[in-house]
Each structure stands twice: as structure tokens, then as C-alpha cells.
Amino acid sequence: IIVMRQVIEILRLKHQHQLSVREIARSCKIAPSTVGDYLQRAELAQLSWPLPEGLSEPEIEQRLFGSSPPQVPAPTPRTVPDWSQVHSELRRPNVTLRLLWQEYHRADPSGFKYSRYCERYHTWSKALDPTLRQVHFPGEKMFVDWAGQLMPIRNAADGSIRFASLFVATLGASNKIYAEASKRCVVTPQPATTVAGSAERPSSTLAGVGLAGNTSNAIRFQP
């Protein structure tokens, strides 16, 4: 434990004899880091050499150690989204994780970035009840359905707007997507199977979801 007499000696050697920190450390038989720390404290306390007359050792100690260092404010904790609410919102039409993150970011600009937001949500969702995982082989199935929402198409000549239905096909193995707009809810899957053939191999089965009202006969393509 260093005593005030050593602190006074450190100040004397530094200012009167102009010794370096290492030379003072060797003379006082203490670590150079300790010498540097006390010199820094003395500078902040505006103590130099010679010391003011009548300044006692307890007063020197008070000026060096009496005032506690400024408290660094604790960082504001980030707002953690209610993942169950996020999960529920994702069931609504046209709601995506990016839209939900944008709302979250507007409310708390210092919160999670988009990638971290998605990572935390997916980690949370893995703890939900397990579901049956389906494994799809290349070319085995292509899932087809209507997007549900109508897509506006503007006529460049007269500015009129017509609405078209959006047909979507997804390959089970690669998740590649084919989309086609149609004025009527009638479209042939042949163009989608052509694209599928270039991505994997021609799909042998079409799996329709919600197409009962739009399909008269089941279609099965042979590879």
C-alpha cells in the first residue's frame, strides 16, 4: 500500500528532478503503472511541486482520492419485441417480418437491427410446438396456388386500371418461384413446368392449394 509520503516523493522527483516514470518507479521501488496513475491523479487535482504550504497529508489524500470518478450512465436496455405478438401478426395477409421490424424500429431507433430482429424471432419460434417437416426431392413436387390479392395493372395509353389475379408456383426442393398475372382465374401450369425443368427437372406432381374451384381435372406430368 502506497503512503502519502511516497506520493509526495513521486511529485518531487517528477517536477524538481524531471525524472521519467520508470526512473521514479525504480527509485521508489513501485510499479511504473502506479507512478503513472498517481501523477495523473495529481494533475487532475491540480497538485504540482512545490506543494502549497500548510497542505497536510490527509488533505493531499482527500484531493487525490476524495472525489469519486464520474459515473458512466448505464446503457439503455433495448426494447425486446413481444415475439408472440409478432408471430400472431405474421398470420395476417401481406404482413412480413420487414414490415413488423420497420414499425418496431420507428418506435425504438436504438433497438435491434433487421438481421438481429429476424435472428431473435427465428430462435424464439424454434421453441414452439414442433411441426411435421416435409422433405422434397428435386423435381418431385411443384406447389401451385393463387396469391389471393389482386394486382393492379395500369394502361399506359388511357391511364385506366385493371386488376389481375396472380398465379404462383413454387418448387418444393429449391423454393424457386414462378409467378404469372392473369385477368381471369384460369391459367395453365405449362410455363411454370418449363421453368421448373431448367431449375431442377420437370416436376412429376402438381400440388394445388385452394385450387378446387379453378381446376376441373387433376394434371400429372411425367418426368
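The values are calculated or read from the model by the stated rules, or taken from the named source; none is laboratory data. This is a predicted model, so every value here is computed, not measured. As a convention, Cβ positions derive from the backbone with ideal geometry for all residues, glycine included, and neighbour counts pool all protein chains shown. Protein only, heavy atoms only, side chains kept; ligands, DNA and RNA dropped before computing areas. Shrake-Rupley method; radii C 1.70, N 1.55, O 1.52, S 1.80 Å.
Using θ = phi - 60° in the Karplus curve 6.51 cos²θ - 1.76 cosθ + 1.60, the 3J(HN,Hα) couplings for the range 51-58 round to 5, x, 5, x, 7, 7, 4, x Hz; x is entered for Gly and Pro.
Within straight-line reach of Lys141, meaning a Cα separation under 14 Å, sit the following aspartates and glutamates at least 8 residues removed in sequence or on another chain: Glu200. Within straight-line reach of Lys14, meaning a Cα separation under 16 Å, sit the following lysines at least 8 residues removed in sequence or on another chain: Lys29. Among Val144, Val80, the sequence by solvent-accessible area, most first, with a 1.4 Å probe is Val80, Val144. Annotation: Asp158 carries an accessible surface of approximately 110 Å², with a 1.4 Å probe and no ligand, DNA or RNA atoms counted. In order along the range 102-108, phi translates into HN-Hα couplings of 4, 5, 4, 5, 5, 6, 9 Hz, rounded to whole numbers, per the Karplus curve 6.51 cos²θ - 1.76 cosθ + 1.60 with θ = phi - 60° and x for Gly and Pro. Applying Stokes-Einstein at 4 °C and 1.567 mPa s to the Kirkwood radius of the range 112-178, computed over alpha-carbon pairs, gives a translational diffusion coefficient of 81 µm² s⁻¹. The phi-based Karplus calculation (6.51 cos²θ - 1.76 cosθ + 1.60; θ = phi - 60°) puts the 3J(HN,Hα) values of the range 26-35 at 5, 5, 8, 6, 9, 6, x, 5, 5, 4 Hz, whole numbers, x for Gly and Pro. The residues neighbouring Leu39, those whose beta-carbon lies less than 13 Å from its own, together hold a net charge of 0 under the Lys/Arg +1, Asp/Glu -1 convention.
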